[in-house]
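This report refers to the structure that appears directly beneath it.
None of the figures in this text is laboratory data; all of them are computed from the coordinates on show. Note that the coordinates shown come from a computational prediction; the quantities given were computed from them, not determined experimentally. Here the Cβ positions follow ideal geometry from the backbone for every residue, glycine too, while neighbour counts run over all protein chains shown.
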Amino acid sequence: MISIKVFVTPEGNILGFELFGHSGYEEVGKDIVCAAVSSVLYMVVNTLSDVLNVNFEVLTMDNKDAYFKFIINNKDFYICKFFMIGLKNHFLNLEEQYYKNIKVSYVEVQNND
């Protein structure tokens, strides 16, 4: 199962995500759940970094262990807001459709100004 943690401030601002695990939906290379998660994750992270020039407070990835974590600085929240909400909504839609393969949870974090 892919576990997805959404890092949210007390005000409801989404500052990041942590993902780990394999979906187990299908064998590697044919897993549409993994592909859906990976594709949107890389699109958002690449857009934030390469297009909007956001510097991440945390950016960690390990393809071998199926682990990815990124956290933005609270000061960049407004420029990233709609991407973060869209990513969360995408993950929630996938969780609804593939509830045996994806679990989304929330972790409250303090503002990291």
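Remarks
- Output for the stretch 67-104, where each listed residue is without any contact (Cβ under 8 Å) to a residue 12 or more places away in the chain and either in contact with a Gly (Cβ under 6 Å, 6 or more places away or on another chain) or not in a helix (DSSP H, G or I) (or both): TYR99
- Within the stretch 19-33, considering residues that are touching a Phe, Trp or Tyr at 6+ places or on another chain (Cβ under 7 Å) and under 24 Å from PHE56 (Cα atoms), the one surrounded by the fewest Cβ atoms within 10 Å (Cβ to Cβ): PHE20
- Matching residues in the stretch 57-72 - criterion: being under 14 Å from ILE14 (Cβ atoms) and buried (at least 17 other Cβ atoms within 10 Å of the Cβ): LYS69, PHE70, ILE71, ILE72
- Total residues in the stretch 28-66, condition more than 14 Å from the chain's Cα centre (by Cα), under 15 Å from CYS80 (Cβ atoms) and touching a residue at least 24 places away in the same chain (Cβ under 8 Å): 3
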